[in-house]
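Notes follow once the structure below has been shown.
Please treat every number below as a calculation from the coordinates, not as lab data. Worth saying up front: this structure is predicted, and the values here are computed from it rather than measured. Here the Cβ positions follow ideal geometry from the backbone for every residue, glycine too, while neighbour counts run over all protein chains shown.
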Amino acid sequence: MSGAGDLAAVKTAARQAAFDRRALAHAAGGQAAPLLSSVLAGYRGVPLAGYLPMRTEMSPLPAMAEAAAHGPVGVPVMEGAGRPLRFALWEEGCRLIPGPFGTQLPDPCDWMVPEILIVPLVAFDRQFNRLGYGGGFYDRTLEGLRARGPVLAIGLAHAAQEAEALPLEPTDQPLNMIVTEREVLTPVP
C-alpha cells in the first residue's frame, strides 16, 4: 500500500471510531448551544455560517437563531464534488428544500460570505485539527475564505469526539476554537 493509501486507511479507521463515539455521546444528550451562544455574543453582527445538523451532529441551531437577530447567518450549500461550499442566508423557520447529499437549503437561496464559520466534525484534537467526512468541503472552503481575510473557524462537537491525535494531510485546515458541551477550547498564546 502506498503512503497515500496508508493515510487513507488510517483516516477511515479514525473516522469510524469517532462516529461510534459521537453516536454514543449523541444518545446520552448534552448540548453545546449555551457555550456557543456565549462565544458568539462577542461577535454580534459579524456574518457567520453554521449548518443544519444531520444524524448525530451537535446542533448549532439555537445559537444560530440567536445570532440571526443581530446579523446575517448562513448555511452551507454543496455545489459539487471538489468544490468549496457557498453559503445561503438562513433564519429560524425559513422555508427549506432538499439539497445535494441529503442536505437542506433555504428557499430562496440568497448568498452571503461568512467571517465566522461553525464547522461540524467527526473528531478533533487539542492541536485544533479536525477530521471531517472525507470530502474536503470545509478544508477547501476555509482555505478560500482565509485567502480573502481573517476567518474564525469554530469546531462544534461532543467532548467524546476528542482524539489524542489525528491523521493529517497538508490540505487539512485547522480550527481557531472548539466548543463542546463541556468547554470552549482556545489556543494558548
Residues in the range 1-44 that are touching a helix residue (DSSP H, G or I) at 6+ places or on another chain (Cβ under 9 Å), exposed (fewer than 12 other Cβ atoms within 10 Å of the Cβ) and either within 21 Å of Val151 (Cα to Cα) or among the basic types (Lys, Arg) (or both) total 1
Residue pairs meeting the criteria (Cβ under 6 Å; at least 6 apart or on separate chains; first touching a residue at least 60 places away in the same chain (Cβ under 8 Å), in the range 44-55; second assigned to a loop (DSSP other than H, G, I, E, B)): Val46/Glu115; Pro47/Pro72; Pro47/Pro114; Pro47/Glu115; Leu48/Pro114; Ala49/Pro114; Gly50/Pro60; Pro53/Ser59
Picking from Pro170, Pro174, Pro187, the residue that is of a type outside the set (Phe, Trp, Tyr), surrounded by fewer than 17 Cβ atoms within 10 Å (Cβ to Cβ) and within 17 Å of the chain's Cα centre (by Cα) would be Pro174
Specify the residue that is surrounded by the most Cβ atoms within 10 Å (Cβ to Cβ); the eligible residues are those in the range 91-121 that are touching a residue at least 40 places away in the same chain (Cβ under 8 Å) and more than 15 Å from the chain's Cα centre (by Cα). Met112
Criterion first (part of a loop (DSSP other than H, G, I, E, B), out of contact with any His (no Cβ under 6 Å at 6 or more places or on another chain) and among the aliphatic types (A, V, I, L, M)) does Leu142 satisfy it? no
What pairs come up if the first residue lies in the range 165-189 and is touching a residue at least 40 places away in the same chain (Cβ under 8 Å), the second is among the hydroxyl-bearing types (Ser, Thr, Tyr), and their beta carbons are under 6 Å apart, counting only those six or more places apart or on different chains? Met177/Thr186
